[in-house]
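Chemist: The structure that follows is given in the form of structure tokens.
Where a number appears in this text, it was derived from the coordinates with a stated rule and is not lab data. What you are looking at is a predicted structure, and each value in this text was computed from that prediction instead of being measured. Don't worry about glycine lacking a Cβ; one is built from the backbone with ideal geometry, like all the others, and counts go over all protein chains shown.
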Amino acid sequence: MSDLLSQIEKDLKSGKSILSTCDELKESDFLTKLISHFVPQAEEGSPRVLLLFADDDKARTLGEFLKKSLRSLDLTVDVIVEKGNKLQQRNDLFDGTEIIVGSTKRICELYFQNGFNINKLKFFAAFDLNEQFRKSWRGQIIRIMESLPKSRIVLHGTNLDDERMEALLELVNDNLLRYE
């Protein structure tokens, strides 16, 4: 795992984006190490990491894990899921957060309402792409990716040769590395 982690860190540092089917990439410890590497200090008022999930439970589980494991870095972790007070979630994000973990649909809603600033994003990851495409969220993911500044992008899915993935891959194709 450390060889894969160091190779991915090196590739992300050089400005490349990652397209992966590796299950290791979804492991909480692996993701924590990547976040720790690219977001070393808290910075008020701007999101630094955005993690998109198709499922509220996965988002909650990872969000709680990140809150505990990154406590020493003093990073604010906000979990944004479908069932929750939308106004409160938007206010929490607007006040400043470092890591946003949540379901794609709700995160996109809040982003389109100017609920948070995506311009200072340092790391972006979308997990379970195939499942998200089945839920017809491809357009929302593409819209967020079009808004991203030059940041480290990690995309994860199971069947990455799916033709529905083409528009998404075109956004990062010039600097895309595959890990399978």
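Chemist: What lysines does Lys135 reach when the alpha-carbon gap must be under 16 Å and sequence neighbours fewer than 8 apart in one chain are set aside?
Modeler: Lys58, Lys105
Chemist: Considering the chain as a Gaussian network with a 10 Å cut-off on Cα pairs, which listed residue, Ala54, Ala167, Ala42, attains the greatest mean-square fluctuation?
Modeler: Ala167
Chemist: In whole Å, what is the distance between the alpha-carbon centres of the range 41-75 and the range 112-175?
Modeler: 18
Chemist: If R₀ is 22 angstrom, what is the calculated FRET efficiency for the pair Ser14 and Lys67, using the beta carbon separation as r and rounding to 0.05?
Modeler: On the way: r = 30 Å, r/R0 = 1.37.
Approximately 0.15, to the nearest 0.05.
Chemist: Quick one: if the Förster radius is 25 Å, what FRET efficiency do Arg178 and Asp3 give, using the C-beta to C-beta distance and rounding to 0.05?
Modeler: Here the calculated transfer efficiency is 0.90.
Chemist: For the pair Ala167 and Asp57, how long in nm is the line joining their label points, each one 7 Å along Cα→Cβ?
Modeler: If labels sit at Ala167 and Asp57, their model points lie 3.0 nm apart.
Chemist: Going by a ≥ b ≥ c, the root eigenvalues of the Cα gyration tensor, does the range 1-67 fall in the rounded group (a/c under 1.5), the prolate group (a/b larger than b/c) or the oblate group?
Modeler: oblate
Chemist: Quick check for me: using +1 on Lys/Arg Cβ and -1 on Asp/Glu Cβ, what's the dipole size of the chain about its Cα centre, in debye to the nearest 20?
Modeler: Around 420 debye, computed over the chain.
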